[in-house]
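To keep things clear, I will list the structure first and then write my remarks on it.
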Amino acid sequence: MLSFGTRLTEPVGFRPFFNGKVKSVLSGDSLIITAPKNPNAVRTFSLAYCTAPHLKKDADEIGALESRDALRELAVGKDIQFQVLYTIPNTKREYGVVVLNDGRRLPEEMVKEGWLKLREDAGRKEDSEEALQQLDHLRLLEAKARNDDKGLWSPDLARIDVQNDLGDSQAFLETYKGKTLDAIVERILSGDRMLVRLLISPTKHILGKKIFLHSLTKDIH
């Protein structure tokens, strides 16, 4: 196991809490966590009992981007504590809960805001009273989010078409030269480069545009 610091003050059963820092978010239900004293030691961690829509190359599943960004806002760059509840044997993927510095818990916070849904098979193999109580609480949170049309339950969410290149780069330049485009930073490549998602419209995005920070002024004028 990677050298993640163990928190012994609030164990639940025989499952300890570990300290970590959220490096990035893959989707609304999965995070990349680094060890406190070793940023190179990372583990992929998924939120227990829940699922989020997936980001795809051609068209994101409805609500995938919004769900991921909701988790990003809550967790990226934050020191956290996390607890592994179960592991899928064939993938070795760990599932559990996360406690933020302000005391809020995941997946509860994401379910409450409607950005996660419970898995259909959630709890089928659980027999502990604690796990069943947690599932009951999550179901109550999900039911309220659904009734309030929050997050993924909103009727206003639409599918986003994703283009993975600029196509005719000259035509793109002529269309958008001198204009300001909103974008989401997908990944930091280095101190002066980042990969962005260009938001052409609410339902059309261009993914994978590399931006060099020193050339931004040149690019937009």
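Structural remarks
- Applying the Karplus relation 6.51 cos²θ - 1.76 cosθ + 1.60 with θ = phi - 60° to the range 81-92 yields 3J(HN,Hα) values of 10, 9, 9, 7, 9, 7, 10, 7, x, 6, 9, 6 Hz, where x marks Gly and Pro.
- Choice from 87, 175, 51 showing the highest fluctuation, given a GNM over the chain with Cα pairs closer than 10 Å: 175
- When the chain is reduced to its Cα atoms, the Kirkwood hydrodynamic radius in Å: 19.2 Å
- Residue exposure sequence - 146, 197, 105 - by fewest surrounding Cβ within 10 Å: 146, 105, 197
- In terms of surrounding Cβ atoms within a 10 Å radius of their Cβ, 57, 21 rank from fewest to most as 57, 21.
- To the nearest ten degrees, helix 64-75 and the longest principal axis of the Cα atoms of the chain are 70 degrees apart.
- Among the listed pairs 92/112; 21/179; 78/117; 56/112; 112/177, a Cα-Cα separation exceeding 32 Å is found for 21/179; 112/177.
- 0 to 90° range, to nearest 10: angle between helix 129-147 axis and the chain longest Cα axis: 40 degrees
Each value in this text was obtained by applying a stated rule to the coordinates, not by laboratory testing. From a predicted model like this one, the values you see are computed outputs, not experimental measurements. All Cβ positions, glycine included, derive from the backbone under ideal geometry; neighbour counts span all protein chains shown.
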